[in-house]
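The values are calculated or read from the model by the stated rules, or taken from the named source; none is laboratory data. All values derive from a computational prediction rather than experimental measurement. Note that each Cβ is placed from the backbone with ideal geometry, even for glycine, and that neighbours are counted across all protein chains shown.
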Amino acid sequence: MFKGLKFKMASWIPFQDQAACERARAFTHADFANYRHPNLKVTILKDEEFAFHLVMTMFGRIKQAADEGRRHVIILPNPEPLYSAVALLCNKFRVNLRNLYTFNMDECADQDGNIAPETWENSFLFNVKQNFYAKLDPELRPPESQIQGPTNENFVHYGKMIEDLGGADVCYGGIGWSGHVAYIEPGSDAFPPMPMDEWVKIGPRVVTLTPFTILQNCLLDDTGISGDWSCMPPKGATIGPKEYLGARMRSSWNGFMCGNSQVSWQRFTIRLAVTAQPTPLVPSTMLQMAPSELFLTESLAANIRPTTVTDLAYHTKVPLLA
């Protein structure tokens with residue numbers, strides 16, 4: 001790929017397998033379409049249909065469990081405005097959620113490991129309650145005690161809280177730039193490299209976020225989509241591999257783009273998740289280890305085609321040098 005220059009990746013990048021990265025980079029749209037794995041099913045969706053499918057998948061599972069009168073335990077990713085659409089459907093179809101239990105997969109924390117309180121408006125628990133719980137008709141809501149996220153008070157027992165309910169039915173989420181799921185950060189002190197059969201036994205941890213995750217998060221709404229890394233708390237509280245693999249299904253949704261462009265860090269990292277051998281250095285490879293589904297947009301399935309500076313100068317409308 002890089003003619004005339006051979007180099008090693010930056011030393012702070014946890015995953016250093018250059019050959020595996022080259023295989024991921026070469027993985028095409030057709031390879032996604034033809035992907036076959038005993039544990040992992042891959043589905044490509046049209047960009048404009050992605051949000052609809054996510055809402056309907058989550059709602060469908062909630063309604064089916066309610067219709068059958070059984071408990072439904074789900075692990076939820078970061079604040080998602082689409083949760084309000086799930087609440088709207090529950091209201092429309094009068095779905096009684098008395099048997100629904102939700103657990104946020106992670107939460108922000110300060111430099112000393114203090115977990116963000118629900119009173120902080122950027123906390124994940126505040127947002128789930130505002131976007132989902134508060135929008136449910138009161139007579140349909142589960143008890144508020146069944147809507148949980150990591151807190152200073154419950155964190156020592158957080159994994160057991162899920163386990164005591166029989167484990168999660170579904171763990172939703174997406175794949176981070178570093179290859180993380182939840183805040184299971186590769187190469188961190190909280191989730192150090194070790195044999196995979198030992199690593200997957202690690203439960204909830206407070207973790208120092210990697211540069212990948214700080215930079216990923218500062219492209220989101222709570223920074224005004226402006227790359228303001230000064231807004232990002234340095235640590236997070238998260239479920240561990242034990243809880244992630246303990247769910248009966250992992251449902252991974254990946255459609256992140258930078259605005260209306262075709263720029264996305266996810267295009268590469270989702271390829272590592274499906275092609276690399278399971279490793280603590282790419283936590284999303286756990287999708288290959290137990291029943292899982294991975295959804296991605298057509299834009300993310302598009303082939304990776306590295307371009308030259310000349311190509312970029314020709315295609316961009318903005319001067320490369322101001």
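In table form, for the structure just shown:
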read-out: Residue among Y183, Y172, Y158 that is assigned to a strand (DSSP E or B) and either of a type outside the set (K, R) or within 16 Å of M105 (Cβ to Cβ) (or both); value: Y172
read-out: Restricting the range 186-222 to residues that are of a type in the set (S, T, N, Q) and in a loop (DSSP other than H, G, I, E, B), the residue that is nearest to the chain's Cα centre (by Cα); value: T210
read-out: Some residue of the range 112-131 being buried (at least 19 other Cβ atoms within 10 Å of the Cβ), in contact with a helix residue (DSSP H, G or I) (Cβ under 6 Å, 6 or more places away or on another chain), of a type in the set (D, E, K, R) and within 30 Å of D189 (Cα to Cα); value: no
read-out: Matching option when the condition is aliphatic (A, V, I, L, M), touching a His at 6+ places or on another chain (Cβ under 8 Å) and over 23 Å from G203 (Cα atoms), among A66, A134, A85; value: A66
read-out: Strands (runs of 3 or more DSSP E) enclosed by the range 12-127 - at least 2 residues per element that are in contact (Cβ under 8 Å) with a residue 24 or more places away in the chain and of a type in the set (V, I, T); value: 40-45, 72-76
read-out: Check on N104, buried (at least 20 other Cβ atoms within 10 Å of the Cβ), polar (S, T, N, Q) and under 17 Å from K235 (Cα atoms); value: yes
read-out: Hits in the range 253-273 (condition: in contact with a Cys (Cβ under 9 Å, 6 or more places away or on another chain), touching a residue at least 60 places away in the same chain (Cβ under 8 Å) and outside any helix (DSSP H, G or I)); value: W265
read-out: Sole residue being closer than 24 Å to T238 by Cβ and among the acidic types (D, E), chosen from E80, E22; value: E80
read-out: Scope the range 128-145; condition part of a loop (DSSP other than H, G, I, E, B) and closer than 16 Å to I75 by Cα; matching residues; value: F132, P142
read-out: Verdict on L136 being among the aliphatic types (A, V, I, L, M), more than 19 Å from the chain's Cα centre (by Cα) and more than 24 Å from K242 (Cα to Cα); value: yes
read-out: P77, sole failed condition from (1) surrounded by fewer than 17 Cβ atoms within 10 Å (Cβ to Cβ); (2) of a type outside the set (A, V, I, L, M, F, W, C); (3) within 24 Å of A302 (Cβ to Cβ); value: (1)
read-out: Unmet criterion (only one of (1) of a type outside the set (V, I, T); (2) at pLDDT 95 or above; (3) loosely packed, with under 15 Cβ neighbours inside 10 Å) for R305; value: (2)
read-out: Scan of the range 243-286 for residues that are farther than 19 Å from I13 by Cβ, in contact with a Phe, Trp or Tyr (Cβ under 6 Å, 6 or more places away or on another chain) and modelled with pLDDT under 95, ordered by number; value: G255
read-out: Some residue of the range 223-231 being hydroxyl-bearing (S, T, Y), modelled with pLDDT under 95, more than 19 Å from G173 (Cβ to Cβ) and part of a helix (DSSP H, G or I); value: yes
read-out: Some residue of the range 60-77 being closer than 28 Å to G236 by Cα and of a type in the set (S, T, N, Q); value: no
read-out: Test set (1) out of contact with any Phe, Trp or Tyr (no Cβ under 7 Å at 6 or more places or on another chain); (2) surrounded by 15 or more Cβ atoms within 10 Å (Cβ to Cβ); (3) more than 27 Å from L97 (Cα to Cα) - P186 fails condition number; value: (1)
